[in-house]
Amino acid sequence: DIKAVLFDLDGTLADTAPDMSRAINRLRIEEGFEPLPAEDIRPQVSNGSLGLVKLAFGITPDTDVKNFEQLRDRFLDLYAGDICQGTGLFDGMAEVLEHLEALNMPWGIVTNKPEFLTTPLVEKMGLTQRSGSTISGDSIPQRKPHPAPLLLACREIATDPQHCLYLGDAERDIQAARAARMPNAVAGWGYIDTNDAPEQWGADELLGSVAEILNWLPAH
């Protein structure tokens, strides 16, 4: 009895990998390194700046906090300056959103991406007025896998969690949804690494394609 749908942003609703990959490779070139292949970068996009800087330079806040913070800040500057050149909805997602809107079913976005990136990206994609709730990683103190961001979105779209489907491509998405007692599914088209085991995340369903979202929704 699904009455609303909430989406993770990167790797679920939108394919942001082209722009994030370009930004991290620009940073590598600035630092004197060769660019990385897109197929190496793509699985790390859902892990944001932490995962991408670690991949590109082999450091984390725990191993080299000063250099990590400098590289992260420069990466974010590069990405924010050109945030929606290659980004777009995943194939079939426009039809899913149109179907939801035709049913008068609210939908929204819950992401760990910071608000200073989320807001302009959602606006450039033309989704600001269409999304019933957009919760960023710093909208409240808690972030996924904590359930609080999902519960806030449910309140904003006036839907009980038990009737709201959450879709995400990372284990923290499923953990958050389960903690919020929300129906949930893994976006199998997203940024899932070969080392990941989404079938072990405890999701209600592992979706192989965007079109399979429609199986959760009324036909008319």
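The values are calculated or read from the model by the stated rules, or taken from the named source; none is laboratory data. None of the values given here were measured: they were computed from a predicted structure. Every residue, glycine among them, receives a Cβ derived from its backbone with ideal geometry; neighbour counts consider all protein chains shown. The area values use the complete protein model at the heavy-atom level, side chains included, leaving out ligands, DNA and RNA. Shrake-Rupley method; radii C 1.70, N 1.55, O 1.52, S 1.80 Å.
With charges set only on the Cβ (+1 for Lys and Arg, -1 for Asp and Glu), what does the dipole of region 1-147 come to about its Cα centre, in debye to the nearest 20?
Here the size comes out at about 240 debye.
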Which residue, P147, P114, P161, has the most motion in a Gaussian network model of the chain that connects Cα atoms within less than 10 Å? P114
Compactness ratio of region 94-220: Cα Rg over 2.2 N^0.38 Å, N = residue count? 1.01
Over the heavy atoms of F90, what accessible area does a 1.4 Å probe trace out, to the nearest 10 Å²? 20
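Restricting to lysines 8 or more places apart or on different chains, can you count the pairs in the chain with Cα atoms under 25 Å from each other?
Lysine pairs, 8 or more places apart or on different chains, close enough: 8.
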Can you find, among G132, F7, T87, the residue farthest towards the positive end of the dipole of the chain? Put +1 on the C-beta of Lys and Arg, -1 on that of Asp and Glu. G132
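In percent, what relative contact order does the chain have, based on Cα pairs under 8 Å that are 6 or more apart in sequence?
Rounded, it is 25 percent for the chain.
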15 Å reach of a label modelled at T60, 7 Å along Cα-to-Cβ, counting backbone N of region 87-117: none
In nm, give the distance between the simple-model label positions of E30 and E205, each being 7 Å from the Cα along the Cα-to-Cβ direction. 4.3
On average, how much accessible surface per residue is there in the chain, in Å², for a 1.4 Å probe, leaving out ligands, DNA and RNA? 47
Largest first, what is the accessible-area ranking of W107, W216 with a 1.4 Å probe? W216, W107
May I ask which residue of P61, A148, M105 lies farthest towards the positive end of the charge dipole of the chain, with charges of +1 (Lys, Arg) and -1 (Asp, Glu) on Cβ and the Cα centre as origin? A148
When only C-alpha pairs under 8 Å and at least 6 residues apart count, what is the relative contact order of region 1-45, in percent? 37
Net charge of Cβ neighbours under 9 Å - reference A17; Lys, Arg +1; Asp, Glu -1: -2
